[in-house]
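For reference, the structure discussed in these notes is given below.
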Amino acid sequence: MTPGILVLDNGSDNIIWSTNTSRPAQGPVLVAQLLDSGNLVVRDTLTDDGNFLWQSFDYPSDTLLPGMKLGKDFETGLEILRIIVNLEDIHKMAQLSSIELDHAWNGVRFSGVPNLSPNSIFRYRLVFNDKEVYYSYDLINSSVISRLMLSQNGVLQRWTWPVGRSQGWVLYLTTPTDNCDTYSLCGAYGTCLNKFAPKDSNAWANTDWSNGCVRKTPLDCYNNRSDGFLMYSHVKLPDTRNSWFNVSMTLE
């Protein structure tokens with residue numbers, strides 16, 4: 001076994017689980033340590049600069065703890081883009097569900113998550129530079145413990161535990177907040193805006209909005225000078241996974 005690999009076996013030399021590392025250990029003595037942050041790390045005794053051989057924070061399950069990153073390291077290629085929840089059996093990989101940060105970052109928060117705002121409990125941020133891009137959060141108030149968890153039904157939940165003032169976890173916020181946040185539930189645009197109508201009015205009346213909306217009048221940009229753009233506020237940006245952006249633009 002390569003030095004620096006943490007292994008869990010069944011007592012009969014059959015490996016059930018093991019860590020991996022992309023670099024060799026520097027010291028003769030290796031340590032597996034559970035940090036106060038909840039991060040289980042494998043490190044050598046000669047280095048204590050946070051450059052671990054392996055850390056559990058790189059492999060989240062259903063929970064994002066303070067200090068964990070959700071994103072991608074461009075230098076190492078490590079991608080932590082999903083929080084994964086096992087619905088039934090941890091060994092049945094086909095039965096995993098996941099949530100990704102599909103909401104667009106608008107400079108203040110992820111669009112579509114209005115209850116994510118500056119508060120006195122935790123501080124969140126999106127970091128984007130030449131080396132990495134990630135979302136993370138840190139606790140501001142040391143008297144409150146907080147964690148972000150993805151439930152088995154796909155609801156992202158923020159839980160808090162006020163130290164000394166509570167006997168359990170308290171639900172702080174959730175997303176999605178209602179059915180309108182369900183991706184593509186009402187077609188590509190989410191609702192029928194001005195100048196649009198349901199594509200299938202009968203299905204729409206029976207609460208089936210999946211066919212979405214169509215224009216009441218087809219566009220005629222060349223012959224009809226009345227065609228133009230309408231401004232809407234308080235709406236979510238569309239799916240931006242395949243879009244481009246200008247890094248020099250600011251909110252100003």
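The values are calculated or read from the model by the stated rules, or taken from the named source; none is laboratory data. On a predicted model such as this, the values are computed, not experimentally measured, just so you know. Reconstructed Cβ throughout: ideal geometry from the backbone, glycine too, with neighbour counts over all protein chains shown.
Quick notes
- Members of segment 161-195 found to be surrounded by 15 or more Cβ atoms within 10 Å (Cβ to Cβ), more than 30 Å from Arg147 (Cβ to Cβ) and modelled with pLDDT of 75 or more, listed by number: Cys192
- Qualifying residue in segment 207-215 (condition: at pLDDT 80 or above and closer than 23 Å to Phe110 by Cα): no
- Of the residues Leu148, Leu173, the single one that is within 11 Å of Ile121 (Cβ to Cβ) and either in contact (Cβ under 8 Å) with a residue 40 or more places away in the chain or outside the structural domain of Trp105 (by TED's automatic domain parsing) (or both) is Leu173.
- The listed residue being assigned by TED's automatic domain parsing to the domain that holds Val155 and modelled with pLDDT under 85, out of Ile83, Ile5: Ile83
- Positions within segment 56-80 being buried (at least 18 other Cβ atoms within 10 Å of the Cβ) and touching a helix residue (DSSP H, G or I) at 6+ places or on another chain (Cβ under 9 Å), in sequence order: Leu65, Met68, Lys69, Ile80
- Matching residues in segment 8-51 - criterion: being of a type in the set (Phe, Trp, Tyr) and modelled with pLDDT under 80: none
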